[in-house]
Amino acid sequence: MSQIGLDHPQQKSAMLNEATIRWSLWLGSKLLRGLSLLCGASFIIYATLRSAPGDMVDLILGLNGTPEMKADLRAEFGLDLNIIEGYGRWAWRALSGDLGISITFMPGEPVLSLAGPAFLVTLSIAVVSLLCSIAVAYGLAILLGPPRPRQAFLLGPIQLLNAAPSFVVAICLAKVINELIQFQLAGGGQIPPSWYPIPTYQKITDSIAPFCFAALSISLGDGLFTDLFNALRAELMSLNESLFISAVRAKGAAVRKHLIKNLIVPTLSVFTARLPLVLSAVVIVEYIFTLDGSGYLLLQAAKNRDVPVVVGVSLFFIFAVIVMNLILDLVKALVDPREVAKGD
Amino acid sequence: MTGQSTGQSTRQSTWYSTWYSTWHSAWKEQPLSFKLSSIIVVLVLCFGVINPFISYDPVLDVELSRRDLAPSWEYWMGTDGQGRSVALRLFKGIEAFFFPGLIAGLFAAFVGGVLGALCGYFGGWIGRSLSAVLELIDTLPRMVFLVLICTIFPPSILLISIISSVLFIPSIATIIRRKVEALGAEDYILAHVAHGFHPLKIISYHILWLQCRALLTRQMIFVFSYVLFIETALSYLGDYGVQEPYPSWGNMVAQSRISAVAWPWALPALAIIITIAALLAFGDGIARREEEVKR
Amino acid sequence: MSEQTLVDVQDLVIEFDTPKGRVRVVDGVSFSVSPGEVLGILGESGSGKTMSTQAILGLIGGYPGVMGGQINLNDQGVTYELLKDLPSFISERRGQPEKNERAWRKHRYAQMKKLWGRAITSIFQNPRRSLDPLMTVGQQVKESIQARESHKDALERLNDQAQTEEALEWLAKVQMVDPARVYHSYPHELSGGMCQRAMIAVALACKPSILVADEPTTGLDATVRAQIVHLLQDLIKAEQCAMLYITHDIREMLYLADRVIVMRHGKVLEQVSANDLKEHALERHEYTQVLLDAAGMIGAHDE
């Protein structure tokens, strides 16, 4: 019996082959889905543009557009062609990195060089606030254990307050900080700090403070924290009562390794579900703290009716959501073999 | 024989008394958070309904001689920087999101429920292509897409609420589809099919009405609270939502930028927080109660 | 408690809070198991048989849980009184006993940590759910070997290679068709019967002195059930391990058990040897006769 070793070459290679085929099929289907989603979503945006009332070019340029600018714009959005061909040309240009040129907000500046760096700021705020709330929620869920009546008095009000929209939290936070600084200025007469938030609206990128305030108000708002906390706590409880954890205990092995591994997938699911909502929240919060991210860019451009910039930023958001979902799916599949076996 | 019939007649009761007794006993065992939140929801509902019958002229209300007054008997939430009564504006601000939110919620719940049920019940290529389209809409980032729409089309709060309800249809349809798929495997639904009930009756009555109404109500409330959120957010930004001098909770909060005193912006901020919290807690409570009843 | 018993349970009381008030699910149960013996616990569902064994294992969940009695566990000549400290966790409030379940659970885990696996271990009713879904079966068998080895001195421990080989051996011992393949499989890739075999391998690889088998054949096909019962019978003999076998199937019981206790409504109705149950069916307790009758055993014997 002991001759059956693990290093039987034929068997091992057969198993490896099978696994490779399954994995590459899975990865291919996921990539294909991501690509088709990208195409479809960008088509919706293009179709929305085409369905604008009146002549879009006049709408964008207003009265002061030169004929060359108009012709450029027509070519860029493929307005002379029918909707399918026009989309094809527009998408091809977008894919090759040409998202057009800003018209009214920052005239002459390529949209890609405006939206790209700004999007990094947005993405980092979203990810930092998500990670922070996951860490705190995870710690609290483990610390508090199963729900008890006495905790309801503490957690109930927190959960109710956490339902506040993040932009209201951000406004309150900004106002409080503002008052504190005013108070300090009145007393000591020092110069205001470089991140002095509202109502000065000066652009500050060199300070970490507004970044932290934005991340804090997103973590505290929109029910992000309580959603995560409730999901993790419910998952932890059902795991703790599950049969296999009892079985691991009964054989005298350490439980923690199994708990952590089994919590990864539900955590990632919450992450996936929450990411789009957090990205939308970032848009307004950035505006409130005048952070130089793509939300601020989007709202400023929209104020100036700068369509190419708004469209470029929207494409960035769509692309980011799809890529992040792909990455999260991949991590999930690496942890849980059932994801790959399930197929699509 | 006579005794039996009288026994039956005492057991029979009018529909409203049964309704009352079930709701009375159910009300007593609800947690405090649900009671509080349902009181607030009912208040918002009443205010929203009587709102159009009360006339208010925001321009005539301006009176600079009484600006920044503290709360008093006459202006019991104080006045803002232009001497307008905060309480009255707070009350009138409900109008900005109430009907749009109601329309968006009903529309999203109806279309999402029907599409989800169709996808789940029929499956096949119809279901698959429908869910592909829904997934496509779900990838659009909601806030960003709304800003895009507002840039291209002339912004109005009705357009915003319709677009946000369309953006919510996929998530509602997915929830309903999962539920219907789970139910489709249940024996009693198969038994209904075997008894020869019409599929439309099974979908609309046995599945959507009997099994999904709490889920749909909860989602409707969620969409309503999202419209409240988006309306206040856009009005705060100032370009797309309700414009001054007409009141909205959002543009009242925006006074934090200029206001010297707290109540003109802190009270509407508090109102937003409390209303959204109450709406969400109310929706959760309904869904939880329905689950308990089934068990 | 004599040196000859492995587990000795005296007057065990377990209660639970339900919406209808406090319910006593186990009411003064006493029994004991000697080394190498198979004790069967027979009873319908809800008779408290699973609860009593969960209490010995220290895995009971819910509030208030174990409320009284004694459980003595003998491990390599040392006797552990598992419920000795129980009274200090129970207080009186408004005329009803209240238990600090959290603290008690912590205390029990600390106590059982050295005993789980080595002295006592368990297999459960639902084999698919009692294996970690994210870990290969082989890893899980190896994990119990590692847990067992960690009790030994550093010098006597098996190295990693030897542990892997032993895990493979265990998979072969539970008559897996292709142990090397099963070693790399995840639980969702195996059938219910194979999962239960894997679970038996996981449990017995700990080399426990007593194995608690909680309805291990429920939910399996009839042919697979017979295989599992035979397998358990053979392996228990080979490993000289005592077993506490819980079931509601009287035929399995007669085949496996040396001694049987019959439980109903949280109480022990009678304790008999398996032979007596077979031979003198009509002298048994009324309820036992009902059970025998339901399995068609009484009529068959009378002829």
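For segment B:190-210, residues that are assigned to a helix (DSSP H, G or I) and surrounded by fewer than 19 Cβ atoms within 10 Å (Cβ to Cβ) total 13. Please verify whether B:VAL180 is part of a loop (DSSP other than H, G, I, E, B), aliphatic (A, V, I, L, M) and open to solvent by less than 60 Å² (accessible area, probe 1.4 Å), treating the condition exactly as stated. Here the answer is no, as B:VAL180 does not meet what is asked. Restricting B:SER235, B:SER164 to residues that are farther than 28 Å from B:GLY285 by Cβ and in a helix (DSSP H, G or I) narrows the list to B:SER235. Just to be sure, is A:ILE44 part of a helix (DSSP H, G or I), within 14 Å of chain B (Cβ to nearest Cβ) and at pLDDT 70 or above? The answer is yes for A:ILE44. Within the option set C:GLU143, C:GLU92, being under 18 Å from C:ALA167 (Cα atoms), without any contact (Cβ under 8 Å) to a residue 60 or more places away in the chain and either in contact with a Cys (Cβ under 7 Å, 6 or more places away or on another chain) or of a type in the set (Asp, Glu) (or both) holds for one residue only, C:GLU143. Say whether the condition of being more than 22 Å from A:ALA253 (Cβ to Cβ), touching a His at 6+ places or on another chain (Cβ under 9 Å) and not hydrophobic (A, V, I, L, M, F, W, C) is met by at least one residue in segment C:214-230. Yes; the residues of segment C:214-230 include at least one that is more than 22 Å from A:ALA253 (Cβ to Cβ), touching a His at 6+ places or on another chain (Cβ under 9 Å) and not hydrophobic (A, V, I, L, M, F, W, C). Every condition in (1) open to solvent by less than 70 Å² (accessible area, probe 1.4 Å); (2) modelled with pLDDT of 70 or more holds for A:TYR196 except the one numbered (2).
Does segment B:131-165 hold any residues that are open to solvent by 20 Å² or more (accessible area, probe 1.4 Å), of a type in the set (Val, Ile, Thr) and either away from chain A (no Cβ under 11 Å) or without any contact (Cβ under 8 Å) to a residue 24 or more places away in the chain (or both), and which are they? Passing the criteria: B:VAL133, B:ILE157, B:ILE162, B:ILE163. Only one of (1) surrounded by 19 or more Cβ atoms within 10 Å (Cβ to Cβ); (2) away from chain A (no Cβ under 14 Å) is not met by C:GLN70, so which one is it? Condition (1) is where C:GLN70 drops out. Where the second residue is modelled with pLDDT of 85 or more and the first is β-branched (Val, Ile, Thr) and lies in segment B:76-93, which pairs have Cβ atoms under 6 Å and are six or more apart or on separate chains? Hits for this filter: B:VAL86/B:LEU267. Taking segment B:21-62 as the range and being at pLDDT 80 or above, among the aromatic types (Phe, Trp, Tyr) and either part of a loop (DSSP other than H, G, I, E, B) or closer than 27 Å to B:ASP284 by Cβ (or both) as the test, the residues that pass are B:PHE34, B:PHE47. Is segment B:242-249 home to any residue that is in a helix (DSSP H, G or I), within 14 Å of another protein chain (Cβ to nearest Cβ) and either free of Cβ contacts under 8 Å to residues at least 12 places away in the same chain or not polar (S, T, N, Q) (or both)? The answer is yes, given that some residue of segment B:242-249 is in a helix (DSSP H, G or I), within 14 Å of another protein chain (Cβ to nearest Cβ) and either free of Cβ contacts under 8 Å to residues at least 12 places away in the same chain or not polar (S, T, N, Q) (or both). With the structure loaded, tell me whether B:LEU216 is more than 27 Å from A:GLY295 (Cβ to Cβ), modelled with pLDDT of 80 or more, more than 15 Å from the chain's Cα centre (by Cα) and assigned to a helix (DSSP H, G or I) or whether it fails that test. So B:LEU216 fails the test.
For segment C:94-109, what are the residues that are open to solvent by 70 Å² or more (accessible area, probe 1.4 Å) and within 18 Å of C:VAL66 (Cβ to Cβ)? Within segment C:94-109, C:GLN96, C:ASN100, C:ARG102, C:ARG105, C:LYS106 meet the criteria.
Among the residues of segment C:112-126, write down those that are more than 7 Å from chain A (Cβ to nearest Cβ), in contact (Cβ under 8 Å) with a residue 40 or more places away in the chain and open to solvent by 10 Å² or more (accessible area, probe 1.4 Å).
The first filter runs over segment C:112-126 and keeps only residues more than 7 Å from chain A (Cβ to nearest Cβ), leaving C:112-115, C:119-120, C:123, C:125.
Then drop every residue that is not in contact (Cβ under 8 Å) with a residue 40 or more places away in the chain, which leaves C:112, C:115, C:119-120, C:123, C:125.
Within segment C:112-126, C:GLN125 is the sole residue that qualifies.
Applying the criterion of being more than 9 Å from every other protein chain (Cβ to nearest Cβ) and aliphatic (A, V, I, L, M) to the residues of segment B:271-286, the residue that is least open to solvent (accessible area, probe 1.4 Å) is B:ALA271. Of all the numbered requirements in (1) modelled with pLDDT under 90; (2) hydrophobic (A, V, I, L, M, F, W, C); (3) within 30 Å of A:GLU18 (Cα to Cα), C:LEU254 misses one, and that requirement is (3).
Quick grid of which residues meet (1) open to solvent by less than 10 Å² (accessible area, probe 1.4 Å); (2) out of contact with any Gly (no Cβ under 6 Å at 6 or more places or on another chain); (3) of a type in the set (Val, Ile, Thr):
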site	(1), (2), (3)
A:ASN230	no, yes, no
A:VAL248	yes, yes, yes
A:LEU279	yes, yes, no
A:VAL283	yes, no, yes
A:GLY293	yes, yes, no
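C:ILE246 - would you say it is touching an Asp or Glu at 6+ places or on another chain (Cβ under 8 Å) and aliphatic (A, V, I, L, M)? Can you show your working first?
On the way: touching an Asp or Glu at 6+ places or on another chain (Cβ under 8 Å): yes; aliphatic (A, V, I, L, M): yes.
So C:ILE246 passes the test.
When only residues in segment A:252-277 that are open to solvent by less than 10 Å² (accessible area, probe 1.4 Å) and modelled with pLDDT of 85 or more count, which is nearest to the other protein chains (Cβ to nearest Cβ)? The extreme case among them is A:HIS258. Looking for something in contact with a helix residue (DSSP H, G or I) (Cβ under 8 Å, 6 or more places away or on another chain) and modelled with pLDDT under 70 - is there at least one such residue anywhere in segment A:10-20? Looking for residues that are in contact with a helix residue (DSSP H, G or I) (Cβ under 8 Å, 6 or more places away or on another chain) and modelled with pLDDT under 70, one finds at least one in segment A:10-20, hence yes.
The one condition from (1) open to solvent by less than 70 Å² (accessible area, probe 1.4 Å); (2) of a type outside the set (S, T, N, Q); (3) without any contact (Cβ under 8 Å) to a residue 60 or more places away in the chain; (4) in the same structural domain as C:ASP293 (by TED's automatic domain parsing) that C:MET176 does not meet is (4).
Taking (1) more than 14 Å from chain A (Cβ to nearest Cβ); (2) on the phi < 0 side of the Ramachandran plot; (3) surrounded by fewer than 20 Cβ atoms within 10 Å (Cβ to Cβ) in turn, B:ALA260 satisfies each apart from (1).
Quick one: count up the residues across segment C:31-71 that are more than 29 Å from A:SER238 (Cα to Cα), of a type in the set (Gly, Ala, Ser) and within 13 Å of the chain's Cα centre (by Cα). Looking only at that region, the number is 1.
Check segment A:305-313 and report whether any residue there is free of Cβ contacts under 8 Å to residues at least 40 places away in the same chain, under 19 Å from the mean Cα position of the chain (by Cα) and surrounded by 24 or more Cβ atoms within 10 Å (Cβ to Cβ).
Taking segment A:305-313 as the starting set, the residues that turn out to be free of Cβ contacts under 8 Å to residues at least 40 places away in the same chain are A:310.
Next cut, under 19 Å from the mean Cα position of the chain (by Cα) only: A:310.
Those still in the list that are surrounded by 24 or more Cβ atoms within 10 Å (Cβ to Cβ) too: A:310.
So far as segment A:305-313 goes, yes, one or more of its residues are free of Cβ contacts under 8 Å to residues at least 40 places away in the same chain, under 19 Å from the mean Cα position of the chain (by Cα) and surrounded by 24 or more Cβ atoms within 10 Å (Cβ to Cβ).
Scanning segment C:127-145 for residues that are within 7 Å of chain A (Cβ to nearest Cβ) and open to solvent by 10 Å² or more (accessible area, probe 1.4 Å) gives C:ARG129, C:PRO133, C:GLU143. Looking at (1) in contact (Cβ under 8 Å) with a residue 24 or more places away in the chain; (2) in the same structural domain as C:LEU235 (by TED's automatic domain parsing); (3) open to solvent by 60 Å² or more (accessible area, probe 1.4 Å), find the lone condition where C:GLU81 falls short. The one condition C:GLU81 does not meet is (1).
The values are calculated or read from the model by the stated rules, or taken from the named source; none is laboratory data. Keep in mind that what you see is a predicted model, and the values were worked out from it rather than measured. Reconstructed Cβ throughout: ideal geometry from the backbone, glycine too, with neighbour counts over all protein chains shown. Surface accessibility is based on the protein's heavy atoms, side chains included, excluding ligands, DNA and RNA. Shrake-Rupley method; radii C 1.70, N 1.55, O 1.52, S 1.80 Å.
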